[in-house]
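> Quick one: structure below, then a few questions.
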Amino acid sequence: MQDLMKLRDEIDIIDDQIVRLFEQRMVVSGQVAAYKRSVGKPVLDKEREKIKIEKVVSKTSNEFNSKAVESLFSQIMAISRMYQYQNLASERTDLEGFFEAEMKITPDTRVVYAGVPGAYAEAAMVEYFGTEIDGYNVETFKDAMEEVHNGKADYAVLPIENSSTGSVNDVYDLLSSYDNHIVGETMVKVEHALLGLPGSRIEDIHTVFSHPQGLMQCSRFLDGKREWQQVSLQNTAASAKRVVDDGDLGQAAIASRQAAKNYGLVVLKESLNDLKNNSTRFVVISHKKTFHEKADTISICFETLHESGSLYSVLSHFIFNGLNMTRIESRPVKGKPWQYRFFVDFNGNLKEQAVKNALHGIQSETESFRILGNYKGVEPVC
């Protein structure tokens, strides 16, 4: 035991030296940041870091220490970069042209959603904007994005995530393809019902229509109806309309009770959801780069360098700036096999210095980077 205590005392002495030397190194890093600021040189110098790591690794005595020193100095240099980013970001005020503004809703405000009347997207639009607006519908998510991008609509309301079936990948892809921005979000509770024509019975059904996620969200119920043909359509309300248009007593739709009222259908069975607290998150899209003073959620997307540790390096900016990351999604990049675009949500406001520090660092260490929006987040519907 006495020998162990002596060894621990020796480690404490070494650790004290490491801390002292680390702080000396950070002072010099600050001087490096000042120099780079004066000459306009970027913080990240990959070639310099590669040479530095090779040099320190060459001084180790065995293979284990070589890998350990490589990892250690990679972290030290990452920390040094973040310190330099903080120094440089303190002078940056432009965040890709975003500006603070109040959202003004009037009867002339044009809001578009994808689907037909009775869709959950219509309910989301009413939940966020109320009824005193000029709301209308288009067929697809892409159509809605186009309406906003071309100035025909002030806002679009699009589903982006369901609590039971996950992300709406098409909307994530559209967010990266269009120069539109998230300015708000809302949650709508999803309560699916089986709808049929007046006079139809469950035992007569042979075909059921719904959105793909609607079918997935009711998989337990449908597992007991293996003989039914499941047909995916663009949304749940369109599925209700299809039943009406076809006029077949053997067809049914999985949609909302509101869709039943809109299209004159009857509810054959209620509460089909696998999860009773199922809800869908909708984002509000605008072409203007605005945010509210009370905005507390930021969405970004980026592509990382196609090399080991690149994602970790990017995400570490949240840790070092004390920011809480709430969501991360990935989507394949078209034309770049096995490369991915990442979508991240985190808590913060574009006016906060910690946010500026993190965004500056992430932008500097990614191949492509966009701020998708800064908006007021909402709690899930239970």
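The values are calculated or read from the model by the stated rules, or taken from the named source; none is laboratory data. If you're wondering where the values come from, they're calculated on a predicted model, not measured in any experiment. Cβ placement follows ideal geometry from the backbone for every residue including glycine, while neighbour counts extend to all protein chains displayed.
> If I go through segment 179-198 residue by residue, how many of them are over 21 Å from Ile254 (Cα atoms) and either modelled with pLDDT of 95 or more or outside any loop (DSSP other than H, G, I, E, B) (or both)?
7
> If you go through segment 131-173, how many residues are outside any strand (DSSP E or B) and not charged (D, E, K, R)?
Qualifying residue count, segment 131-173: 18.
> Could you check Val43 against (1) in contact (Cβ under 8 Å) with a residue 40 or more places away in the chain; (2) not in a loop (DSSP other than H, G, I, E, B); (3) not basic (Lys, Arg) and say which number it fails?
Condition (2) is where Val43 drops out.
> So Asn262 passes all but one of these: (1) surrounded by 19 or more Cβ atoms within 10 Å (Cβ to Cβ); (2) at pLDDT 95 or above. Which condition number does it fail?
So the condition that Asn262 fails would be (2).
> Only one of these conditions is not met by His206: (1) under 29 Å from Cys301 (Cα atoms); (2) exposed (fewer than 15 other Cβ atoms within 10 Å of the Cβ); (3) not aromatic (Phe, Trp, Tyr). Which number is it?
The single condition His206 does not satisfy is (1).
> Which residue out of Gly184, Gly151, Gly166 is over 16 Å from the mean Cα position of the chain (by Cα) and of a type outside the set (Val, Ile, Thr)?
Gly151
> Could I ask something else about it? Among the residues of segment 355-372, how many are under 17 Å from Phe318 (Cα atoms) and either at pLDDT below 90 or not aliphatic (A, V, I, L, M) (or both)?
10
> Can you pull out the residues in segment 103-119 that are under 25 Å from the mean Cα position of the chain (by Cα) and in a loop (DSSP other than H, G, I, E, B)?
Met103, Gly115, Ala119
> Is there any pair with a first residue in segment 154-172 that is surrounded by fewer than 24 Cβ atoms within 10 Å (Cβ to Cβ) and a second that is aromatic (Phe, Trp, Tyr) and not in a loop (DSSP other than H, G, I, E, B) whose Cβ atoms are under 6 Å apart and which are 6 or more apart or on different chains, and what are they?
Asp170/Phe141; Val171/Phe141; Tyr172/Phe343
> Just one of the numbered conditions (1) under 16 Å from the mean Cα position of the chain (by Cα); (2) charged (D, E, K, R); (3) not in a strand (DSSP E or B) is not true of Arg281; which one?
Unmet condition: (3).
> Every residue in segment 102-131 that is β-branched (Val, Ile, Thr), exposed (fewer than 11 other Cβ atoms within 10 Å of the Cβ) and either at pLDDT 95 or above or over 30 Å from Val243 (Cβ atoms) (or both), please.
Scanning segment 102-131 gives a single hit, Thr106.
> Please verify whether Lys351 is surrounded by fewer than 17 Cβ atoms within 10 Å (Cβ to Cβ), outside the structural domain of Asp223 (by TED's automatic domain parsing) and within 29 Å of Glu127 (Cα to Cα), treating the condition exactly as stated.
So Lys351 passes the test.
> Also, quick follow-up: Please list, ordered by first then second residue, the pairs with beta carbon atoms under 7 Å, 6 or more apart or interchain, first in segment 57-70 and assigned to a loop (DSSP other than H, G, I, E, B), second not β-branched (Val, Ile, Thr).
Thr60/Ser66
> Among the residues of segment 86-101, which ones are modelled with pLDDT of 70 or more and polar (S, T, N, Q)?
Gln86, Asn87
> Another question, if that's okay. Would you mind finding the one in Gly322, Gly361 that is buried (at least 21 other Cβ atoms within 10 Å of the Cβ), out of contact with any Asp or Glu (no Cβ under 6 Å at 6 or more places or on another chain) and assigned by TED's automatic domain parsing to the domain that holds Tyr155?
Every option except Gly361 fails the conditions.
> Tell me which residues, restricted to segment 235-266, are out of contact with any Asp or Glu (no Cβ under 7 Å at 6 or more places or on another chain), over 10 Å from Gly196 (Cα atoms) and assigned to a loop (DSSP other than H, G, I, E, B).
Asn235 - this is the single residue of segment 235-266 that is out of contact with any Asp or Glu (no Cβ under 7 Å at 6 or more places or on another chain), over 10 Å from Gly196 (Cα atoms) and assigned to a loop (DSSP other than H, G, I, E, B).
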